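Below is one structure, written out as structure tokens; the observations come after it.
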Amino acid sequence: MRQSQLFTKTKKEAPSDEVSKNAELLIRGGFIHKEMAGVYSYLPLGLRVIKNIENIIREEMNAIDGQEITMTALQEKETWEPTDQWSDEKIDVWFKTKLKNETELGLAVTHEAPVTKIMKSFIQSYRDLPKFVYQFQTKFRNEARAKSGIMRCREFEMKDLYSFCKDEQEHNEFYEKSKVAYQNIFKRTGIGHITYLTFASGGMFSKYSHEFQTITGAGEDTIYLDEVKGIAINKEVNNVETLSLLGLDKDKLVEKRAVEVGNIFTLGTRFSDALNLKYQTETGELKSVFMGSYGIGPGRLMGTVVEALADDKGIIWPESIAPFKVHLLVLGDDEAVSTEANKIYESLVKNNIEVLFDDRKEVSAGEKFADADLLGIPYRTVVSTRSMKDLSAGAGGGIELKKRTEEKGKIVSLDELINLLVTRT
């Protein structure tokens with residue numbers, strides 16, 4: 001993409017009504033646009049990041065036999081009444097509306113009940129189990145106070161997976177696979193080293209659920225971390241019983257602020273009982289399907305990456321989710337320099353290397369460098385009169401290359417640059 005053709009522009013100042021780092025940097029960089037409190041549009045650069053995150057999640061869900069579907073956001077009252085979740089006293093974040101015939105509908109806050117209803121059409125026998133389905137779908141939650149930028153919204157995308165098993169043992173086997181898949185997701189998106197499996201309350205479903213908490217000062221949760229064992233407990237289950245069960249020493253736990261980037265729950269038979277999702281065993285007995293629920297918000301994950309990895313200059317995207325792999329800057333208005341920069345751009349595109357080409361005219365070198373730091377693309381390459389001198393002197397260079405996380409760069413040739421970037425792909 002040529003930056004001169006990108007309709008979004010960077011901003012020097014953060015919006016006055018945003019206090020979270022992720023929203024400030026993403027809005028300044030032109031990744032997102034704030035529609036209203038807790039509601040954001042994803043612009044070209046931001047959408048590229050979200051799609052990269054989605055693809056990583058999709059690969060890991062498919063690897064554990066997940067089947068992708070898409071369910072509706074509009075939900076019938078009758079779907080949720082059997083699970084006692086339609087009442088505002090039970091779920092206080094519903095957005096509700098009515099059809100012209102006065103039929104009451106809701107905008108889905110989650111999908112346990114709807115997916116159970118769907119599976120009633122396809123699960124009748126033990127031969128139909130286990131099954132695992134997931135989706136990327138917009139959720140709506142009427143939060144009293146939207147905050148933390150894209151990490152807590154009223155409208156947001158969620159990847160939610162649901163497991164359907166014959167019994168608890170079969171469920172537990174998949175549950176353990178899901179833990180590994182989630183850990184893989186966070187490693188691949190660049191925050192695995194600061195994201196910890198965290199024990200939390202299981203509520204009415206089981207003794208514990210599991211959260212994945214990323215250490216960041218912007219987090220809303222308090223966790224207690226055993227840095228040696230690499231596991232943590234949420235504040236709500238920090239008690240003698242939990243410590244004893246997990247073999248944790250209270251004196252070795254470190255209190256941290258963290259943000260929840262994913263969670264997995266054992267649902268048991270609550271939804272299958274309420275909605276009559278049963279299967280026939282080998283002996284002809286009817287049993288309720290044993291269920292689980294597994295969630296990650298791609299937008300929240302994106303915001304967490306920004307909060308956790310950004311520096312005082314701007315965003316630092318991990319290569320795996322960056323909108324582009326390399327940011328190519330051309331400096332000055334020398335015709336020979338421009339010609340060389342265009343040649344480099346075309347070569348990168350030809351080699352399937354995703355590149356953002358800052359070909360903007362009448363923009364100073366200082367502004368281009370500042371924008372490159374703000375946008376946080378992993379590799380910055382610069383073509384200028386100075387870099388061209390290295391090429392003309394027979395040094396085999398011509399391009400100044402610097403990683404976003406490095407202070408100084410080096411001069412490389414086009415072949416060296418392509419070999420480096422193709423190898424890293």
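Evaluate the relative contact order of segment 122-232 (contact order divided by residue number), counting alpha-carbon pairs under 8 angstrom at least 6 apart; express in whole percent.
Relative contact order for segment 122-232 comes out at 18 percent.
Which of the lysines could a cross-linker bridge to residue 252, judged by Cα under 22 Å and excluding same-chain residues fewer than eight apart?
Within reach: 229, 235.
Order these by the 10 Å Cβ neighbour count, fewest first: 50, 223, 231.
Ordered from fewest to most neighbouring Cβ atoms within 10 Å, 50, 223, 231 come out as 231, 50, 223.
Need one number for segment 78-194: average projected area of the convex hull over its C-alpha atoms, nm².
Approximately 10.3 nm², given one-decimal rounding.
Taking H as built 1.01 Å from N, whose amide H comes closer than 5 Å to the amide H of residue 297, not counting residues under 5 places away?
Correct list: 159.
Rg and Dmax in Å for segment 326-424, alpha carbons only: what are they?
Both quantities, over Cα of segment 326-424: 12.3, 35 Å.
Report the Cα-based extents of the chain along its three principal axes, largest first, to the nearest Å.
In descending order, the Cα extents are 83, 60, 45 Å.
Starting at the first residue of segment 143-154, write each ³J(HN,Hα) from the Karplus equation 6.51 cos²θ - 1.76 cosθ + 1.60 with θ = phi - 60°, in whole Hz, x for Gly and Pro.
5, 5, 8, 7, 8, 6, x, 7, 8, 8, 10, 8
Can you sort 251, 167, 333, 92 so the residue with the fewest Cβ neighbours within 10 Å comes first?
Ordered from fewest to most neighbouring Cβ atoms within 10 Å, 251, 167, 333, 92 come out as 251, 333, 92, 167.
Normalised by the empirical 2.2 N^0.38 Å for globular proteins, what value does the Cα Rg of segment 75-120 take?
In units of the globular-protein estimate, segment 75-120 measures up at 1.12.
Between residue 168 and residue 5, what length comes free when the chain is fully extended (0.36 nm per residue of separation minus the Cα-Cα distance, one decimal in nm)?
53.2 nm is the gain from fully extending residue 168 to residue 5.
With springs connecting C-alpha atoms under 10 Å apart, model the chain as a Gaussian network and identify which of 37, 258, 23 has the largest mean-square fluctuation.
Looking only at 37, 258, 23, the biggest GNM fluctuation is shown by 37.
Convert each backbone phi in segment 61-78 into a coupling constant with the Karplus relation 6.51 cos²θ - 1.76 cosθ + 1.60 (shift: θ = phi - 60°), then list the ³J(HN,Hα) values in order as whole Hz, x for Gly and Pro.
5, 5, 5, 10, 6, x, 10, 7, 9, 9, 9, 7, 7, 6, 10, 7, 4, 5
Please identify every one of the chymotrypsin sites (Phe, Trp or Tyr not before Pro) in segment 23-130 that sits in a loop by DSSP and has no more than 13 other beta carbons within 10 Å of its own beta carbon.
Within segment 23-130, the qualifying chymotrypsin sites (Phe, Trp or Tyr not before Pro) (loop, at most 13 other Cβ atoms within 10 Å) are 122.
How big is the shadow of the Cα convex hull of segment 1-139, averaged over all directions, in nm²?
Dividing the Cα hull surface by four gives the mean projection, 13.1 nm².
Under the rule that an exposed site lies in a DSSP loop and has at most 11 other Cβ atoms within 10 Å, name the longest stretch of the chain with no GluC sites (Glu not before Pro) of that kind, not counting the sites themselves.
103-281
Counting other Cβ atoms within 10 Å, keep those with at most 12, restrict to DSSP loop, and tell me which trypsin sites (Lys or Arg not before Pro) in segment 45-117 are left.
90, 100
Kindly list the residues of segment 1-42 that lie in the label zone of residue 352, defined by a backbone N under 19 Å from the point 7 Å along the Cα-to-C-beta vector.
Residues 1 qualify, since their backbone N sits under 19 Å from the label point.
When the helix-only estimate is applied to the chain (DSSP H runs of n ≥ 4, each -39,500 (n - 2.57), divided by the residue count), what is the mean residue ellipticity at 222 nm, nearest 500 deg cm²/dmol?
Theoretical 222 nm ellipticity from helices: -9500 deg cm²/dmol.
Just so you know, all these numbers are worked out from the coordinates, no wet-lab data involved. The structure presented is a predicted model; accordingly, all values stated were derived computationally and were not measured. No Cβ is skipped: glycine too gets one built from the backbone with ideal geometry, and neighbour counts run over all protein chains shown.
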